[in-house]
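Worksheet: one structure, shown below.
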Amino acid sequence: MIQGIGASAGIAIGKSFVLPNWEWEFPEQRVDVADFAREFERVYEGIRTSKHEIEQIKDELREVVGSDETQIFDAHLAILDDPVFMNEIQGIIQRQYKAAEVAVKEAIDHFVTMFDLLDDEYMKERALDIKDVGNRLLKHLLGAPEITLPSDTQPFILIARELSPSQLAHINPNNVLGIVTLAGSSTSHSAIMARALGVPLVVGVEAKLEEPIQTGQSLIIDGTEGLLFIEPDDSLIQHYSELQTRQAEARHRLSGIAGHQSVTPDGKVLGLAANISSLKELEVALSSGAHGVGLFRTEFLYMDRNRFPKEEEQFEVYKSVAEKLAGEPLIIRTLDIGGDKQLDYFNIPEEDNPFLGYRAIRISLDRKDLFKTQLRAILRASSYGQVKVMYPLISSVEEVRAANQVLAEAKQELEREGIAYDPGIQVGIMVEVPAAVMLSDLLAQEVDFFSIGTNDLVQFTLAVDRMNEEISYLYEPFHPAVLRMLKQTVEAAKRNGIKVGVCGELAGDLRALPIWLGLDVDEISMSSHSILQVKERLLCTTQEDSRLLLPQLLECRISADIHQKLKQFMDSVDGKGAASAI
């Protein structure tokens, strides 16, 4: 068994096909000064052809994964239009008297090396975009055929060192059972596209392999757990085949409750909303019976492009989501960049502690021009549905008031311009730092709702970087301190008469459901694929039993005891259909 990173859920069982690496032969002769113009023209022609191909890929792929995911290729087009990239190529031709393809190769290597050296996972992924675009350009300059996947064989599990969006664009999900990449991360463009295509993906296995995978080997991959098995025995194949069948049956069974109201046997209605970042994800959420959108991550509108999105661009997206929700609530979180989310065109200074630095609401209040543009777009969209605005990473009353002042200015501007918006639009905050918890009674008097961001709240409460493998074992969502933070926040909201929801990974964790019911939260928002599983559990879990359990959890001194009590509770639900108090 090899432990990688699960980047797209699902199980695949089959033979491997190893995608060859690009290997080019380059001319060694120098070019004369008189030939510079010809080499430049070769580069320009290669760029024109590459751009045409990329536009074709976008058009073909849009029908499969939607417009939002195809924006990945806008970043590729931007690279080809980037004067810095072109100047580097021209400079190598002129200074070193090298042919166009050699200059392109050296320019690619220069930028890829520069990005790879940065201690930033997002920027490392952009290195793959540059490599992808550069290889497409090289293909035309060298007249080399494109490496294609086999189409006349049995479905296979694809193996590659890295897999570019361009290569993924040509994948037929009927032929590709799953994908394993030696490098990569769960946040890469390829991972995003694999999830959109519904193809299981495991990444980051290179360091665990004792010898390279060969084409034709028997494999099992588990894209949920990040597991890879090479040449599994019959018993393992049977186990995962049965698991694959059970997962398919469970998906079919759960689809039958998508339209059911999310209510406990004793009448507690708990809103089950979706976290989304695109219109495509919204379609999946609605098919899963989501009660609105509890978190629209707007930062994805700002990524994979070469400039900030204009007000009209943002408005059209927000409006489309609001209209598709047909009156269901839509909570739009304002721009949350910084930390692990960077923009190529917005230079954030290097920081020793980026998660504690220049990010989220701090950037918005520093760049009020950008902030107001987004708020105007959100306000305009509020005329088309039940739209709410939410500020991230709030740690003080001053920040809320400063943000609301910009919102008030945006409202005044729209009124002067005669542009419609909902004057009663609700304003909320993310509660994700301990300071916000400690001030929750005061903050509740400033806003209309809370949304508890469990990912950052756990991280900041326990002072644990969950991306750091050395200490990731300390990242414990069911820590007694975290439970007390949750209780204090919910009680402050209830005392002040405002709604309180939860988003983040813990919201969709089945084990946590009795905590939300016991605390009497109003809504939990999660990834779309978790909604039906949580709803199934909700339909047979009473709030009364959850309320009886909660004090027992709060008395626990160690996480292990909390886990044990939650497991006993879940076993009780499974065994009786409706839980009994422990």
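Please state which one of Ala7, Ala34 is at pLDDT below 90 and either more than 30 Å from Ser530 (Cα to Cα) or outside any strand (DSSP E or B) (or both).
Ala34
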Of all residues being assigned to a helix (DSSP H, G or I), of a type in the set (A, V, I, L, M, F, W, C) and over 28 Å from Ile13 (Cβ atoms) in region 238-283, which is modelled with the highest pLDDT? Just the residue, please.
Leu282
Pairs with Cβ under 6 Å, 6+ apart, first in region 80-98 and touching a residue at least 12 places away in the same chain (Cβ under 8 Å), second part of a helix (DSSP H, G or I) and among the acidic types (Asp, Glu)
Ile92/Glu106; Ile93/Glu39
Kindly provide the set of residues from region 349-376 that are farther than 16 Å from Glu399 by Cα, touching a helix residue (DSSP H, G or I) at 6+ places or on another chain (Cβ under 8 Å) and not basic (Lys, Arg), ordered by number.
Phe355, Leu370, Thr373, Gln374
Determine whether region 18-30 contains at least one residue that is part of a strand (DSSP E or B) and either modelled with pLDDT under 80 or surrounded by fewer than 20 Cβ atoms within 10 Å (Cβ to Cβ) (or both).
yes
For residues in region 470-486 being part of a loop (DSSP other than H, G, I, E, B) and modelled with pLDDT under 95, which is surrounded by the most Cβ atoms within 10 Å (Cβ to Cβ)?
Pro477
Looking at the structure I just gave you, is Thr454 modelled with pLDDT of 95 or more and in the same structural domain as Ala408 (by TED's automatic domain parsing)?
no
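Being surrounded by fewer than 16 Cβ atoms within 10 Å (Cβ to Cβ), modelled with pLDDT under 90 and part of a helix (DSSP H, G or I) narrows it down to one of His76, His110, so name that one.
His110
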Of these, Ile332, Ile363, which one is surrounded by 23 or more Cβ atoms within 10 Å (Cβ to Cβ), without any contact (Cβ under 8 Å) to a residue 60 or more places away in the chain and in the same structural domain as Val464 (by TED's automatic domain parsing)?
Ile332
Confirm whether Gly216 is part of a loop (DSSP other than H, G, I, E, B), at pLDDT below 90, farther than 30 Å from Phe85 by Cα and not assigned by TED's automatic domain parsing to the domain that holds Asp109.
yes
Do you know which residues across region 275-332 are under 13 Å from the mean Cα position of the chain (by Cα) and either over 23 Å from Leu343 (Cα atoms) or of a type in the set (Phe, Trp, Tyr) (or both)?
Phe296, Phe300
Return yes or no: is Ser190 buried (at least 18 other Cβ atoms within 10 Å of the Cβ), part of a loop (DSSP other than H, G, I, E, B) and modelled with pLDDT under 85?
no
Among the listed residues Leu168, Leu149, Leu163, Leu141, which satisfies the condition of being in a loop (DSSP other than H, G, I, E, B), in contact with a helix residue (DSSP H, G or I) (Cβ under 6 Å, 6 or more places away or on another chain) and either surrounded by 15 or more Cβ atoms within 10 Å (Cβ to Cβ) or at pLDDT 60 or above (or both)?
Leu163
Among the candidates Asp545, Asp522, which residue alone is within 28 Å of the chain's Cα centre (by Cα) and modelled with pLDDT of 95 or more?
Asp522
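The values are calculated or read from the model by the stated rules, or taken from the named source; none is laboratory data. Quick caveat, the model's predicted, so the values are computed rather than measured. No Cβ is skipped: glycine too gets one built from the backbone with ideal geometry, and neighbour counts run over all protein chains shown.
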